[in-house]
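The structure appears below as structure tokens.
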Amino acid sequence: MSGYLAAMPRRAAKPSHSFTDSSHGVRIQKLLADAGVASRRAAEALVAQGLVTVNGEVIDALPAWVDASKDRIVVEGRPLKRSKELVYVMLHKPTGFVCTNSDPEGRRRAIDLVEHPTKARLYPVGRLDMDSSGLLLLTNDGELANRLTHPRYEVHKEYEVLVKGVLGPSDAARLEEGIFLPAGETPGSRTRDSHIKILRRDGDRTLLTLELREGRNRQVRRMMADLGHPVKRLRRIRMGPLNLKGLAIGAWRDLTPVELAILRRQAFADAATLHRRSRR
């Protein structure tokens with residue numbers, strides 16, 4: 001009997017210090033509910049009955065916080081499958097690299113520039129064509145990637161564009177009002193209104209920034225070609241709250257917690273709310 005008792009998980013009147021620290025992770029009942037074990041209320045009952053252990057310790061009091069990527073969680077004797085670590089990387093993509101994980105032509109891939117210590121399999125969020133450079137987000141968070149690439153959620157992108165010719169006020173007005181794109185889109189499809197700022201006119205070239213609310217295939221190049229001002233250089237400098245400033249060409253870094261929090265808030269906000277804010 002004494003040997004049996006010694007082998008049982010240690011019970012405690014309340015969770016150990018690390019589990020009472022809210023910075024440790026998420027509330028255990030939320031994690032169990034998100035994992036499909038039970039509803040939050042049922043998960044709380046499992047905890048109260050002493051049927052949940054974390055790292056071999058019975059958790060029988062709430063609140064308790066856990067980290068599914070690090071802690072070993074067992075519910076009614078069955079280990080909870082450890083969730084994958086989510087990674088969010090900002091890359092300054094150079095020209096000459098493609099934004100795909102599988103390229104039959106064997107061209108250089110943007111993901112090959114990122115050697116993340118987690119070894120996570122990352123995917124580009126949206127596309128930058130091979131001749132374009134700038135901010136590219138890479139992640140293994142499929143839910144966030146879907147929100148950021150869906151036109152409904154209006155995560156704005158800003159580009160620095162060098163075009164051939166002198167872009168006049170009438171051209172800028174047409175871009176801001178939206179223009180009909182040539183073949184390749186639904187007939188009569190007009191681009192959504194955008195914001196343009198002329199930075200410099202130099203001889204037969206114009207440098208400008210263009211902010212878009214959508215991401216059609218090669219959209220900036222097609223819009224400029226339609227105006228008779230082909231693009232000579234294109235660089236994405238902003239995506240939602242993320243700014244490329246300070247990141248060298250070919251370099252990458254993890255998003256900061258603040259950047260990620262703002263990005264998620266924008267991506268999961270109601271589209272109508274975002275539209276009202278943009279009109280103010």
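The values are calculated or read from the model by the stated rules, or taken from the named source; none is laboratory data. Keep in mind it's a predicted model, so treat the numbers as computed, not measured. All Cβ positions, glycine included, derive from the backbone under ideal geometry; neighbour counts span all protein chains shown.
Of the listed requirements (1) more than 21 Å from ARG253 (Cα to Cα); (2) surrounded by 14 or more Cβ atoms within 10 Å (Cβ to Cβ), ARG152 misses just one: (2).
If the condition is being at pLDDT 90 or above and closer than 21 Å to LEU137 by Cα, then segment 207-239 contributes THR209, ARG233, LEU234, ARG235, ARG236, ILE237, ARG238, MET239.
Condition check for ASN243 on (1) at pLDDT 85 or above; (2) among the polar types (S, T, N, Q); (3) closer than 14 Å to ASP171 by Cα: one failure, at (3).
Rundown of residues vs (1) assigned to a helix (DSSP H, G or I); (2) under 30 Å from LEU255 (Cβ atoms); (3) modelled with pLDDT of 75 or more, yes/no style:
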| position | (1), (2), (3) |
| --- | --- |
| LEU5 | yes, no, no |
| ALA13 | no, no, no |
| LEU32 | yes, yes, yes |
| VAL37 | no, yes, yes |
| THR53 | no, no, yes |
| SER83 | no, yes, no |
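So GLY126 passes all but one of these: (1) free of Cβ contacts under 8 Å to residues at least 60 places away in the same chain; (2) on the phi > 0 side of the Ramachandran plot. Which condition number does it fail? Looking at each condition in turn, GLY126 falls short on (1).
In this structure, is GLU160 at pLDDT 90 or above, of a type in the set (Asp, Glu) and closer than 17 Å to ARG221 by Cα? Yes, satisfied. Looking at the structure I just gave you, is ASP112 more than 12 Å from the chain's Cα centre (by Cα) and either within 22 Å of ILE237 (Cβ to Cβ) or part of a loop (DSSP other than H, G, I, E, B) (or both)? Answer is no for this residue.
No other residue among VAL66, VAL74 is buried (at least 19 other Cβ atoms within 10 Å of the Cβ) and at pLDDT 85 or above apart from VAL66. Summed over segment 132-168, the residues that are closer than 16 Å to THR209 by Cα and without any contact (Cβ under 8 Å) to a residue 60 or more places away in the chain give a count of 2. State which residue is modelled with the lowest pLDDT when the search covers only segment 163-195 and only residues that are in contact with a strand residue (DSSP E or B) (Cβ under 8 Å, 6 or more places away or on another chain) and assigned to a strand (DSSP E or B). Ranking the candidates gives ARG190 first.
Is at least one residue of segment 89-109 closer than 26 Å to GLY142 by Cα, buried (at least 18 other Cβ atoms within 10 Å of the Cβ) and modelled with pLDDT under 90? Taking every residue of segment 89-109 in turn, none turns out to be closer than 26 Å to GLY142 by Cα, buried (at least 18 other Cβ atoms within 10 Å of the Cβ) and modelled with pLDDT under 90. From the list HIS116, HIS150, exactly one residue is at pLDDT 90 or above and out of contact with any Lys or Arg (no Cβ under 9 Å at 6 or more places or on another chain). Which is it? From the options HIS116, HIS150, the qualifying one is HIS116.
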